[in-house]
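**Q** Questions regarding the structure given below will be posed in turn.
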Amino acid sequence: MIRASAPGKLILFGDHAVVYGEPGIATAINKRAYSTACELDGKKIVVESKDTGETTECGIREKSKNPIIAAVQEAQKFSKSRSGIGIEINSQIPIGAGLGSSAAVATATIASVATLLTGKEPSTMEIAEMAYKADKLAHESPSGIDTAVTSLGGTIFFKKGNISQLDSEPLTLVVANSGVRRNTSDMVLRVKNSIRDPRVALSMFSIGSLSKEARTILLGKRQGDLGPLMDRGQSLLKDLGVSSTSLEDLVQLAKDSGAVGSKITGAGGGGCIISLSDNPETLIQAFKESGASAYSVRTNQPGVRID
Ligand code: PMV
């Protein structure tokens, strides 16, 4: 039996724009998904999620859009082994909230299955490649930023086909959840349908420019200066049509409670916003009083690993 884990993530800058080749910055957080793999008799894959209580079963050669099954099959291909596999998932990352739950579960599963079947741990780059292939089966045109950061960890500067680690300091950010679950593929498709609009294309370019500015700030260890860039990022995401009344209300509440910057993280439409504040505890309290679930997270955390 092998257990692996991978971190959840925040997209600090570049949400959606990364799909169109613009740069983005993502960071691994201190909430993890755990995947335990064992060999099973019979040509089947059985996935049991302790968080949702769901069990999914599939033949080892059966095509599936389930991201965990696709992850197991990619790891089997890599390992040149077709034995039956049982997976147990335990995760600290909320589902459908933009915190990378699906990518973390897939990445941890690839690491546990490939290590189990080959007897040695694949490199993080190999895991990232397998996780991206599996993600492509499950989602609409993924950029690969989620699977890259959950595999590599730390904070990455990502541009399709080009990933570099940013030597930056950990940062405390406040996450507030709108409580609205959304589907990443639906949101990506919504943006795709408006991409010919020149204003949308310009917003993409501006989001990419923000990522470059943010990289300079992070490398200069001036994290406190990210706030205004986060606000500009939020305004551009609103222009793309991926914000919502409940997300805008959270952003306004953050501002009224002293946040220096706030934005959606991930696909939007629901899910979470992230805020930078000098007084995270005061901000968390304000969110909680409004009925939103909120907590602080640390960025720049370790990537996938065998536990
Ligand atoms: O799954 P989410 O909510 O983290 O969104 C993924 C990030 C997008 O930029 C919206 C899509 C992508 O593939 O990069």
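The values are calculated or read from the model by the stated rules, or taken from the named source; none is laboratory data. Here the structure is a predicted model, which means the values were calculated and not measured. Cβ atoms come from the backbone with ideal geometry, glycine included; neighbour counts cover every protein chain shown.
**Q** Only one of Ile69, Ile95 is touching a Ser or Thr at 6+ places or on another chain (Cβ under 7 Å) and within 23 Å of Asn177 (Cα to Cα). Can you tell me which? Even if it seems obvious, please write down each step before you answer.
**A** Numbers: Ile69 fails: within 23 Å of Asn177 (Cα to Cα).
Answer to the selection: Ile95.
**Q** Related question: Which ranges mark the helices (runs of 4 or more DSSP H) fully within the stretch 86-182 that have 1 or more residues being within 24 Å of Ser262 (Cα to Cα)? Before you say what the answer is, go through the steps one by one.
**A** Numbers: elements: 101-118, 124-138, 145-152.
Hits in the stretch 86-182: 101-118, 145-152.
**Q** Please pick out the residue among Thr184, Thr172, Thr147 that is among the β-branched types (Val, Ile, Thr), within 30 Å of Arg222 (Cα to Cα) and within 10 Å of the ligand (Cβ to nearest atom). Break it down into steps so the answer makes sense when it comes.
**A** On the way: Thr184 fails: within 30 Å of Arg222 (Cα to Cα); Thr172 fails: within 10 Å of the ligand (Cβ to nearest atom).
Testing whether each residue is among the β-branched types (Val, Ile, Thr), within 30 Å of Arg222 (Cα to Cα) and within 10 Å of the ligand (Cβ to nearest atom) leaves just Thr147.
**Q** Condition check: farther than 18 Å from Ala26 by Cβ, basic (Lys, Arg), over 21 Å from the mean Cα position of the chain (by Cα) and outside any helix (DSSP H, G or I). Does Lys221 satisfy that? I'd like the intermediate steps shown before the answer.
**A** On the way: farther than 18 Å from Ala26 by Cβ: yes; basic (Lys, Arg): yes; over 21 Å from the mean Cα position of the chain (by Cα): yes; outside any helix (DSSP H, G or I): yes.
Yes: the conditions hold for Lys221.
**Q** Which of the residues spanning the stretch 269-307 are modelled with pLDDT of 95 or more, closer than 19 Å to Asp231 by Cβ and within 16 Å of the ligand (Cβ to nearest atom)?
**A** Cys272, Ile273, Ile274, Thr299
**Q** Right, next: Is it fair to say Leu250 is within 16 Å of the ligand (Cβ to nearest atom) and under 21 Å from the mean Cα position of the chain (by Cα)? Step through it out loud before you land on a result.
**A** On the way: within 16 Å of the ligand (Cβ to nearest atom): yes; under 21 Å from the mean Cα position of the chain (by Cα): yes.
Taking the combined requirement at face value, the residue satisfies it.
For every residue, the table says whether it meets (1) within 20 Å of Ser211 (Cβ to Cβ); (2) assigned by TED's automatic domain parsing to the domain that holds Ser290.
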{"residue": "Ser141", "(1), (2)": "yes, no"}
{"residue": "Leu152", "(1), (2)": "yes, no"}
{"residue": "Asn162", "(1), (2)": "yes, no"}
{"residue": "Asn177", "(1), (2)": "no, yes"}
{"residue": "Thr184", "(1), (2)": "yes, yes"}
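**Q** Has the stretch 13-34 got at least one residue that is closer than 24 Å to Thr115 by Cα and within 11 Å of the ligand (Cβ to nearest atom)?
**A** Keep residues of the stretch 13-34 that are closer than 24 Å to Thr115 by Cα, which gives 28-34.
From what is left, the residues that are within 11 Å of the ligand (Cβ to nearest atom) are none.
No, the stretch 13-34 has no match at all.
**Q** Moving to a separate point now. Output yes when any residue across the stretch 178-185 is of a type in the set (A, V, I, L, M, F, W, C) and out of contact with any Ser or Thr (no Cβ under 8 Å at 6 or more places or on another chain), and no when none is. Full working, then the answer.
**A** Narrowing the stretch 178-185 to residues of a type in the set (A, V, I, L, M, F, W, C): 180.
Adding the requirement that they be out of contact with any Ser or Thr (no Cβ under 8 Å at 6 or more places or on another chain) leaves none.
Scanning the stretch 178-185, I find no residue that is of a type in the set (A, V, I, L, M, F, W, C) and out of contact with any Ser or Thr (no Cβ under 8 Å at 6 or more places or on another chain), so the answer is no.
**Q** Give the residue, chosen from Ala97, Ala104, Ala111, Ala128, that is within 16 Å of the ligand (Cβ to nearest atom), of a type outside the set (S, T, N, Q), in contact (Cβ under 8 Å) with a residue 60 or more places away in the chain and closer than 23 Å to Gln165 by Cβ. Before you say what the answer is, go through the steps one by one.
**A** On the way: Ala97 fails: closer than 23 Å to Gln165 by Cβ; Ala111 fails: within 16 Å of the ligand (Cβ to nearest atom); Ala128 fails: in contact (Cβ under 8 Å) with a residue 60 or more places away in the chain.
Among Ala97, Ala104, Ala111, Ala128, only Ala104 is within 16 Å of the ligand (Cβ to nearest atom), of a type outside the set (S, T, N, Q), in contact (Cβ under 8 Å) with a residue 60 or more places away in the chain and closer than 23 Å to Gln165 by Cβ.
**Q** Follow-up. Take the residues of the stretch 1-51 that are within 15 Å of Ser101 (Cβ to Cβ), in contact with a helix residue (DSSP H, G or I) (Cβ under 8 Å, 6 or more places away or on another chain) and basic (Lys, Arg): which is surrounded by the fewest Cβ atoms within 10 Å (Cβ to Cβ)?
**A** Step by step, filter the stretch 1-51, then rank; the result is Arg32.
**Q** For the stretch 249-307, list the strands (runs of 3 or more DSSP E) that sit wholly inside it and hold at least 2 residues that are within 16 Å of Lys238 (Cα to Cα); which are they?
**A** Values: elements: 261-264, 272-276, 293-298.
Per the criteria, 261-264, 272-276.
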